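This report concerns only the one structure given below.
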Amino acid sequence: MAAMAILLKNVEEASAVDPPLRSMPSDDDVGDGEGAGAGDTSWSFRLVMRHRSRIACLAAAVVALLSLWSTSLSAAPKGCEGPSECCPTVLAEHLAAPVVVRLGVLLVGLYEVEEKTSTWKADFYLSESWKPTPGFAPATEISNEVERQSEQFDTTQLLGNGCVRTRRIHSTLHTSYNLRAFPFDRQHLTLQFSDAWFAFDEVRYASSPSVSGLDAAAQEQLSNWKVTTSLGYTREKRTLEEAEGATAYDYATFVLPVRRHITFHLTRFFLPLLIIVALAFSVFWIDPADLSSKVSVGVTCLLSAIALQFAEGGTLPEVEYLTLADRIYATCYVALALALLATLRSAALAKRGDAAAALRSDRKGRSWFPVGLLLALVLCVVRVLVDDI
């Protein structure tokens, strides 16, 4: 409103400085013949120039009005549609007493858990119940929502002494994945809610939900994940920034624990890797003097293992830590490289004419390398899984 007053004042000042011209110039001002034409043109030009500032101010006033109107609309959250006791036309700036809102979630669809984008998609029913309070309706928002695909219905009813709002929502949600134990990892798919209008001292969520469930059909919709337990519920007080005196809001979170099916990764990646490593260790059965065959087998197996890791890691984001799969591949790389060095040593012994020493070196490699690799892999798996628990 202050901006509008300044703009109107500028319009008035422009009108005072540039008074309107006469409707037409007189004959004395214009003259005859060619002078008359020149006078008409000059008069029209002066008219346009003198009114230009007034037109500009009026246009600015219209733009400011539209801007203020759109800002006020975007600032207020979208309210519900229903009885006036439950859905007031205007939300109060502050509430006289705190209001408790009880949430309920029923998941009916689970789709597309994407590690690269840290997202998952959910189709769910959301219910909100509260006691009718003047100037209050929940302005519940999904805090970790990335995109809303659809909202099929939105109904609000006054049932007894309470208000109940029910919606069905299909959304893409953000969740931070911990991939350290990949592909033996467990994740928590989260649905997080907060009030977009009222702070913690005015609106709080109930300590337990009205509904917290998962439809039986939805459990089978994630082909590469298994739901381990039922849908959990937590709530916490949180500030949007760490500054002292920052406004705190109440957050309610529904958590769905899931575990990755490992059969795919065992058969498509780790079994081929085991075969590649076994073939690489076959160099210890090749004649020590046949260096060309030993090196050819070792290098081919090493390149095959690298290509296999690229294929498996293509579905994962670039993270700052090593996953369990990364550790397993790195351990195999070291084992393959050491096997190549051992074959070079035995070949050098054979070349110097010490065939017995070369054979003894290969015999030791046949047992030491498989046992050492197995112990290293077990240590990697146990360490990561213990840290993950």
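The values are calculated or read from the model by the stated rules, or taken from the named source; none is laboratory data. Keep in mind the model is a prediction, meaning the values are calculated, not measured. Don't worry about glycine lacking a Cβ; one is built from the backbone with ideal geometry, like all the others, and counts go over all protein chains shown.
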With the stretch 215-317 as the region, which strands (runs of 3 or more DSSP E) entirely inside it contain at least 3 residues that are surrounded by 11 or more Cβ atoms within 10 Å (Cβ to Cβ) and in contact (Cβ under 8 Å) with a residue 40 or more places away in the chain? 248-260
Could you tell me which of the residues Arg168, Arg180 is of a type in the set (Lys, Arg) and closer than 23 Å to Leu107 by Cβ? Arg168
Among the residues of the stretch 111-123, is any surrounded by 15 or more Cβ atoms within 10 Å (Cβ to Cβ), modelled with pLDDT of 95 or more, among the aliphatic types (A, V, I, L, M) and over 25 Å from Gln221 (Cα atoms)? no
Subset of the stretch 322-349 that is more than 44 Å from the chain's Cα centre (by Cα) and among the small types (Gly, Ala, Ser) - its residue that is farthest from Val371 (Cα to Cα): Ala348
Candidates Ala355, Ala325, Ala330, filtered to the one that is in contact (Cβ under 8 Å) with a residue 24 or more places away in the chain, aliphatic (A, V, I, L, M) and within 20 Å of Val386 (Cα to Cα): Ala325
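Yes/no per residue for (1) surrounded by 14 or more Cβ atoms within 10 Å (Cβ to Cβ); (2) of a type in the set (S, T, N, Q); (3) touching a helix residue (DSSP H, G or I) at 6+ places or on another chain (Cβ under 9 Å); (4) assigned to a helix (DSSP H, G or I):
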{"site": "Thr331", "(1), (2), (3), (4)": "yes, yes, yes, yes"}
{"site": "Leu336", "(1), (2), (3), (4)": "yes, no, yes, yes"}
{"site": "Leu341", "(1), (2), (3), (4)": "no, no, no, yes"}
{"site": "Gly353", "(1), (2), (3), (4)": "no, no, no, no"}
Test each condition in (1) out of contact with any Gly (no Cβ under 7 Å at 6 or more places or on another chain); (2) assigned to a strand (DSSP E or B); (3) touching a residue at least 40 places away in the same chain (Cβ under 8 Å); (4) closer than 30 Å to Gly313 by Cα for Arg180 and report the one that comes out false. (2)
Would you mind finding the one in Ala206, Ala216 that is under 30 Å from Leu266 (Cβ atoms), over 25 Å from the mean Cα position of the chain (by Cα) and assigned by TED's automatic domain parsing to the domain that holds Pro132? Ala216
